[in-house]
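Some notes on the structure that comes next.
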Amino acid sequence: MGEAVAGIVANSAAERDIRTLRSALRVAGVGRVTVWSKDSGITGAVRRMVDSGAGVIICLGDDGTAREAATVCGDVPLLVLPVGNAPSVAGLAAGLLVTQQVDADLVTNRATMLEVATKARREIALVDVSVSRSRQEWEAGLLSELYCTFALPDAIGLSSIPGQLCPSPKSTVDGVAVSLGPVEETPYVVHAPIAPGLVRPVGVRGWSVLEPGVRVDLAASGGVIALDGERLIKLKPGESAFVELKTDGPWCVDVRAVMAEAARLGLLLDIVPEREISPASYAVKAPFTA
């Protein structure tokens, strides 16, 4: 095995987290770390990282950062990490993976993704696609449709809406389709954390399983489509679009699985043979007494 290489894609405000990641990667044995901390040109940077032999790409930022990286990372695993969210643990996990101290088959999984297509363009989303009835801009209060690759009860974002109604774990290939409407007209109202620090009532008409490979026509003629709550596709009146759940998304790193495997193998444990180990030091009975 040659030199282990890791790539970090981050926004320019994450310098502290980048330093923490670098340090943790070095502890795990990574020889070279390539960092891209500009606010544009993500896809080109990720291509260069892949071409230079990066064995993992750490996306430090929002879903939009990860989405752009996913379009060009190929089979190189992604580790998606919100800014400020335990970068030291993520760095150790990424480092143990790229140095092949853990089996990639045990700690990575292929994510699903949503593809949105119009006559003129195709885009992907890693978490959700939403449709707003507004002809001008995306508005949470005017949402009519929502499609999610997964739905977790403790999520933050639009996927938290089905997370409270019909949870769907990341381990399944099925997604969720949700029909939305004004809260005064719908049989269900979910108080959802649709963004950090922002909880809003959202009206729900109903929901169903979204199966892979099935194209769903979006009733978005003249409306606005949002990908992962960010990139907007504005449709002209009469313009059509469809969404499809696909199973060939990026390979993603399961940090918890990596650290569990590290504990099982003792990868982060040093035992000093010349120091005497007494039985009492590792065979303490519980509960502890004064």
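Derivation of every value follows stated rules applied to the coordinates shown; laboratory data play no part. Treat the numbers as computed from the prediction; the structure is a model and nothing was measured. In this analysis, Cβ positions are derived from the backbone assuming ideal geometry, glycine residues included, and neighbour counts consider all displayed protein chains.
Hey, got the dipole for region 1-96? About the Cα centre, +1 on K and R Cβ, -1 on D and E Cβ, debye to the nearest 20? Using only the charged Cβ atoms, the result is roughly 280 debye. Rounded to the nearest Hz, the phi-derived 3J(HN,Hα) couplings of region 109-116 under the Karplus curve 6.51 cos²θ - 1.76 cosθ + 1.60 (θ = phi - 60°) are 9, 7, 7, 7, 8, 10, 10, 10, where x marks glycine and proline. Between amide H atoms placed 1.01 Å from N, distances below 5 Å from W207 occur with S179, all of them 5 or more places distant or on a separate chain. The rule of thumb for compact globular proteins, 2.2 N^0.38 Å, goes into the C-alpha radius of gyration of the chain 1.16 times. Expressed as a whole percent, the proportion of Cα-Cα pairs in region 113-246 lying more than 19 Å apart is 43%. Taking the chain as the region of interest, the number of lysine pairs whose Cα atoms are within less than 25 Å, with members eight or more places apart or on different chains, is 5. With +1 on each Lys and Arg Cβ and -1 on each Asp and Glu Cβ, how big is the dipole of region 113-246 about its Cα centre, in debye rounded to the nearest 20? Rounded to the nearest 20 debye, it is 320 debye.
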